[in-house]
Structures are given as C-alpha cells and as structure tokens.
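The values are calculated or read from the model by the stated rules, or taken from the named source; none is laboratory data. As the structure is a prediction and not an experimental result, all values here were calculated from the model. For neighbour counting, all protein chains shown are included, and Cβ atoms are generated from backbone atoms with ideal geometry for every residue, glycine included. Ligands, DNA and RNA are excluded from the accessible area calculation, which covers all protein heavy atoms including side chains. Shrake-Rupley method; radii C 1.70, N 1.55, O 1.52, S 1.80 Å.
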Amino acid sequence: MPTSLMSRDLVTHLLVALFGMGSWVAVNSLWIELPVVVKDLPEGWNLPAYLTVLIAFGNLGPIAVTLTHRFAPELLKEQWLIHGIQALSVLAATFLAVFWQQTVLIGGEVHSLPFLLLGFVLAFLCCTSNVTFLPYMYQFPPAFIRTFFIGQGLSALFPCVAALGQGIGQLECRNNSFGNGTEPFYFQEKFTATKYFWFIWVLLTISGISFVGLVYWHQKERDMQRVHEQPPESSPHESLESFPLRDSTYTTTDMKENMETTVKPTVSSPFLTWRNIYLLVLLMVSNALTNGVLPSVQTYACLPYGTMAYHLSVVLSNIANPVACFIAMFLMCRSMMVLGLISVLGAVVGTYLLVLAALSPCPPLVGNNVGVSLVVISWILFLGLFSYVKVVIGTLLHEAGHVALMWCGAAIQAGSLVGALLMFPMVSIYHLFQRTQDCVENCAF
C-alpha cells in the first residue's frame, strides 16, 4: 500500500510540474528568441521595447480576474478558465509559428503586426495564469505548490536549452578584409525560429494535456478515497461558499493535509494580517528583481566577460530555479526573519550584478577567469536564493487559504510589472547601459 501511494503521488507531482511549466513558457520563449527574430522583422532591436509594452497591457487579464473575484465570484470556474487559457495559448502558438514573419503596411511603415498581436495574446494569457493556476493548486497539499514552482522554473529552462541548441549568438572573430583588425562572423542558427516556435507549441500542448490528466487523476484519487473511507457527513453548504473560485466538483475533503490546514471549527482569521502583508511585499520585491530589473541588464552584466560567460549564466541560473524549489520540498524555512535575511543576501548579489551592468563594457576583472566565475556564480546565487524565497512564500500563503493564493499570483504579476516598467526607460529610452562590441577591444588597460 505505501508503494502504491508513493507511485500515485509521483504521478501527481509530475502532472503538476508539467502543468506549471505552461504558465510562462510562451513569453519566456519570445524573449529568448529575440536575437533571431529581430534579423527578419522590420522593428529590429526596437522589438524588445514593443514587447515590454505589450506585456504591460497583458496585465489587464489579472486585473479582470481579480475584479470578477471581488464583485462576481460565482462567475469564475477555475478549471474551465484554465482549460480556456491553455487552449488559446496552443492556438496562439500555432499562429505564431506560421505567421510570425508576416508584415503589414501601417501608416506608410512596415510593421510585424501578426508577431506583435500574437505576442500580446500570449502575454495576456501568461499574466492571467498567475491568478488562476496558483489558486487552483489550493485543493492540493502544500507540497504540490512547491512542485508547481519547479514547473514554472522549467518554463524558462526548456526554452533556454532549446535556444542554446539552436546556436543563438555564436560567433567567431576573423581578420577583416583590410588585414588590420578583426570583425565578428556570426554563425547561422542550426534551426529556424519557426521550428523553435513549434517546439514551444509542443511544450504548451504537453502542459495542456497534463492539466487534463491532473483533473482526471485527482478525481480518480478522490473516488478511491471515498471507496476506502467513509467520510463523516458534512454540511452541504460548506464547500462552495467557502471557496467561490473553485469548481464545485472539489471540496476541502480532497486531501487530508489540505483539510488539516484549511478546515477550521471556528471563524477563520482575516487574511490581511501583518505577516501576510509582509510576505506579499517580499514576494513583489523578489519578482520585481528576478523578472523585471535584472533580466533587463543581463546582457550588459555578462557579455563583457564573453559569450561563454553569458550562456553559462543563463543556463545555470535557470537550472538553479527548479533546484531551489526542489530543496524547499525538504527544507522549509518558516521564520520571517530568515526569509528577510535570504532576500537581503539575494538583493546584495543583485546589486553587484547591477553594478557590473552599469560599468559595462569595462566592469572589473574583464579578461580574467575570476571575473567570469564571479559573474556566473552571482547569477546562480541571485536566482537560486530568490526562487527559494518565492516557493516558501507560496507554500505559507497556501496555508492562509484560497484567496491568499490569488493574491500571491497578483503580487507576482505586480512585482514583475513594476520591475519591467522601472527598467524600460533606463535601458530603451535613456540608454544608461552600454553594450560591449564583439571582436573589439572595448577596454584599454
């Protein structure tokens, strides 16, 4: 019996991870593939600025869900809303793979309208997933929240590994035609952006199928529990009224661990306590740094040390994300002070990376292996520490109730938006950061 129970839990963990993978894989892939698509689209390197604005408008989705939850909660059915988000994501990814190169003449200028429009649709859906996927996970024990965050880490790791296999940014310095210097020679990618977008379509499809499997598997588990146990009779009014966002097919008796942490014999305590507010603020700051501020300057901080340093930083830091979530499954920190100290340590490492970006193209220890090691380790520590903080906060908020997880998703999205909007004018308008030039001596020592 224990072996059978363990195998069923492993299946659930796998389905939850693949379900979580689909939350941000589309937008992550758009950012990662930008160096390839800018070669063919008329906006060129202005495309990141357009994408930032579109993602900002994508926050209309979470706002709509939050307002509906506040004023008309009976209209929301999480399971079917998630099915709709995933189906539209797969459809949008299909159109993206087919039409991303198409252009339209607008006001006498050529624009990549299909790419921008589909980018907005995918951003809208990804943003909305933060306030629907997480609350849905409330019906599972807290351990599965940590697995869900592992899946979110995979949504950045898989597109990143695919891009590295594609050969993005690979170059060789060759002598120029005048024989008095070198110039960069950029290698052709091993496969096209179209094939890359089809790969993202596969990931989104797997995520959608996994959610269907998760719903079926969870229902099967619930039916098996009813067969082997005789649950005490409960009031017919306590399941749906307590959790208006949840589908009526799920109740608080789904899992024993969930029952222990959510069912109260007396009136439940209010959600907006100083502890929960502290956790939400910490979550917003963490996501502002990890999803908005530092990703905007990663190329400026890493490329002065070479393309290898950049690729190692991207890959290993994205591996650190799910690893940190995995560690949290066995080592949970419930101390508010320790969580704050971990966040401060992560912020110190992030400040070092910001300083490197500000000093680009000549940061300290350029041309030295120590500098390469420091920048790679710093990115690993930065994302690893904050990933641990985020998954622990998500677990603690899970214990505070279904509404807490909705606010958890809203805080993640709000922090990411603030971080992106804060860095957008600095990077794209005022150009406060300088990019290193390939095959050129940028620093005179």
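Annotations
- Screening the stretch 327-434 for helices (runs of 4 or more DSSP H) wholly inside it with 3 or more residues that are hydroxyl-bearing (Ser, Thr, Tyr), surrounded by 15 or more Cβ atoms within 10 Å (Cβ to Cβ) and touching a residue at least 40 places away in the same chain (Cβ under 8 Å) returns the ranges 369-399.
- Qualifying residue in the stretch 54-61 (condition: more than 24 Å from Thr194 (Cβ to Cβ) and in contact with a Phe, Trp or Tyr (Cβ under 6 Å, 6 or more places away or on another chain)): yes
- Enumeration of residues in the stretch 423-445 that are of a type in the set (D, E, K, R) and at pLDDT 75 or above: Arg435
- Flag for Gly58 being out of contact with any His (no Cβ under 7 Å at 6 or more places or on another chain), open to solvent by less than 40 Å² (accessible area, probe 1.4 Å) and more than 22 Å from Phe140 (Cβ to Cβ): yes
- Total residues in the stretch 145-180 satisfying the condition of being open to solvent by less than 10 Å² (accessible area, probe 1.4 Å) and part of a helix (DSSP H, G or I): the figure is 10.
- Pick from the stretch 99-125, criterion in a helix (DSSP H, G or I) and without any contact (Cβ under 8 Å) to a residue 60 or more places away in the chain, ranking: surrounded by the most Cβ atoms within 10 Å (Cβ to Cβ): Leu118
- Looking across the stretch 129-143, the residues that are open to solvent by less than 10 Å² (accessible area, probe 1.4 Å) and either part of a helix (DSSP H, G or I) or assigned by the TED database to the domain that holds Phe326 (or both) come down to Ser129, Phe133, Leu134, Pro135, Tyr136, Met137, Tyr138, Gln139, Pro142.
- Within the stretch 133-165, the residues that satisfy the criterion of being of a type in the set (Gly, Ala, Ser) and more than 18 Å from Glu221 (Cα to Cα) are Gly151, Gly153, Ser155, Ala156, Ala162, Ala163, Gly165.
- Conditions (1) in contact (Cβ under 8 Å) with a residue 60 or more places away in the chain; (2) surrounded by 14 or more Cβ atoms within 10 Å (Cβ to Cβ); number of the one not met by Trp80: (2)
To keep it simple, each residue is scored yes or no on (1) open to solvent by less than 20 Å² (accessible area, probe 1.4 Å); (2) at pLDDT 85 or above.
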residue: Gly208; (1), (2): yes, yes
residue: Glu233; (1), (2): no, no
residue: Asp247; (1), (2): yes, no
residue: Val263; (1), (2): no, no
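- Checking Leu283 against (1) closer than 30 Å to Pro35 by Cβ; (2) crowded, with 24+ Cβ neighbours inside 10 Å, the condition it does not meet: (1)
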